[in-house]
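Asks: Next up is a structure, given as structure tokens.
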Amino acid sequence: MTPILTRRSLLTSGLIGLGATATLLRPELPDGARLGLIDSGEWLSFEAQRLILAGRPLVRELGEEQISEHFPPNGTRMPKGDFYARYLSTGFRGWNLRVEGLVARPLSISLENLRRLPCRHQITQHSCDEGWSAIAKWSGVQVGRLLQAAGILANARYVVFHCMDQMNRTGEKYYESIDLFDAFHPQTILAYQMNGRPLPVEHGAPLRLRAEMHIGYKNAKYVDRIEVVERLNYIGKGRGSYWADRGFQWYTGL
Ligand SMILES: Nc1nc2c(c(=O)[nH]1)N[C@H]1C(S)=C(S)[C@@H](COP(=O)(O)O)O[C@H]1N2
Ligand SMILES: [Mo]
């Protein structure tokens, strides 16, 4: 039987206490923790979830009949600017996903070629920190498969997802990052379909991250570049994601 990860199992298993102990024993921590960027609650969440996830359990997958009739878009609904508009008007012809950074073979893959790779379907619940959740079916390519194709180098530790939407007048774009453990989780995919249809613009067309063990904002939309890095310090304001740069947690295990 596949172990199922639920919030309740986290709360009742007593692993939170264990997690705290493991923290003291484990020298291997994300950059943020070492820099004191991760607060203690986040640290507990990270350590407790890692203990639970050690056996690679899957986040609960639901049935077709549970798919939400209405899945509200949040954050950017239409990226501004000519760059995105041009690709949108041609159905993303000429658009490529790039995989670069600490990889042996940088990749540049069209949507068409992404669709030719093995596809994973998953029906999951998305939870936004603003207090709503909704269920959808996501289909796409496992991030781990892309990283394997690119061949990550020995010093690689994090995977950064660069997005096409500018968040403010200074032109800062949305970005997110996860560590390699999460990147190679079987349910971490780059989805090009939602509920069996091409990903709608308001939900991140042409490609979005689904990192199912994480809260809403980690699920970056409009992804066009994946960068494999050793440290997160030099990206954005250095805390690992657009929202982490603004005081939100980097690690948001559900
Ligand atoms: N590029 C980008 N990704 C993003 C956001 C955004 O504004 N821009 N919003 C985040 C937030 S807060 C949530 S809850 C989800 C919402 O996904 P949805 O629009 O498909 O509901 O996307 C996340 N990913
Ligand atoms: Mo969110």
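The values are calculated or read from the model by the stated rules, or taken from the named source; none is laboratory data. Keep in mind that what you see is a predicted model, and the values were worked out from it rather than measured. Glycine also receives a Cβ, built like all others from the backbone with ideal geometry; neighbour counts cover every protein chain displayed. Each accessible area value is taken on the protein alone, full model and side chains, heavy atoms only, with ligands, DNA and RNA left out. Shrake-Rupley method; radii C 1.70, N 1.55, O 1.52, S 1.80 Å.
Asks: Among the residues of region 43-63, is there at least one that is of a type outside the set (S, T, N, Q), open to solvent by less than 30 Å² (accessible area, probe 1.4 Å) and within 16 Å of ligand 2 (Cβ to nearest atom)?
Replies: No, that holds for no residue.
Asks: Another question, then. Taking region 48-86, which residues are under 15 Å from residue 164 (Cβ atoms), within 16 Å of ligand 1 (Cβ to nearest atom) and either touching an Asp or Glu at 6+ places or on another chain (Cβ under 9 Å) or among the acidic types (Asp, Glu) (or both)?
Replies: Selection gives 75, 76, 77, 78, 79, 80, 81, 84.
Asks: In addition: Does region 178-185 contain any residue that is under 20 Å from residue 92 (Cβ atoms) and either among the charged types (D, E, K, R) or not in a loop (DSSP other than H, G, I, E, B) (or both)?
Replies: no
Asks: Checking residue 160 against (1) of a type outside the set (Ser, Thr, Tyr); (2) surrounded by 17 or more Cβ atoms within 10 Å (Cβ to Cβ); (3) under 30 Å from residue 65 (Cβ atoms); (4) within 16 Å of ligand 1 (Cβ to nearest atom), which test does it fail?
Replies: Result: residue 160 fails condition (3) only.
Asks: Before we move on, is residue 99 in contact (Cβ under 8 Å) with a residue 60 or more places away in the chain and farther than 25 Å from residue 166 by Cβ?
Replies: No.
Asks: Tell me whether region 121-130 contains one or more residues that are buried (at least 19 other Cβ atoms within 10 Å of the Cβ) and in a helix (DSSP H, G or I).
Replies: Taking every residue of region 121-130 in turn, none turns out to be buried (at least 19 other Cβ atoms within 10 Å of the Cβ) and in a helix (DSSP H, G or I).
Asks: Residue check: is residue 236 more than 13 Å from ligand 2 (Cβ to nearest atom), open to solvent by less than 10 Å² (accessible area, probe 1.4 Å) and part of a loop (DSSP other than H, G, I, E, B)?
Replies: So residue 236 fails the test.
Asks: Let me ask another. Take the residues of region 64-81 that are under 27 Å from residue 159 (Cα atoms) and more than 16 Å from ligand 2 (Cβ to nearest atom): which is least open to solvent (accessible area, probe 1.4 Å)?
Replies: Of everything passing the filter in region 64-81, 79 is least open to solvent (accessible area, probe 1.4 Å).
Asks: Restricting attention to region 205-218, does a residue exist that is open to solvent by less than 50 Å² (accessible area, probe 1.4 Å), of a type in the set (Gly, Ala, Ser), out of contact with any His (no Cβ under 8 Å at 6 or more places or on another chain) and within 12 Å of ligand 1 (Cβ to nearest atom)?
Replies: Within region 205-218, one or more residues are open to solvent by less than 50 Å² (accessible area, probe 1.4 Å), of a type in the set (Gly, Ala, Ser), out of contact with any His (no Cβ under 8 Å at 6 or more places or on another chain) and within 12 Å of ligand 1 (Cβ to nearest atom).
Asks: Among residues belonging to region 89-106 that are open to solvent by less than 40 Å² (accessible area, probe 1.4 Å) and in contact with a helix residue (DSSP H, G or I) (Cβ under 6 Å, 6 or more places away or on another chain), point out the one that is nearest to residue 225 (Cα to Cα).
Replies: 99
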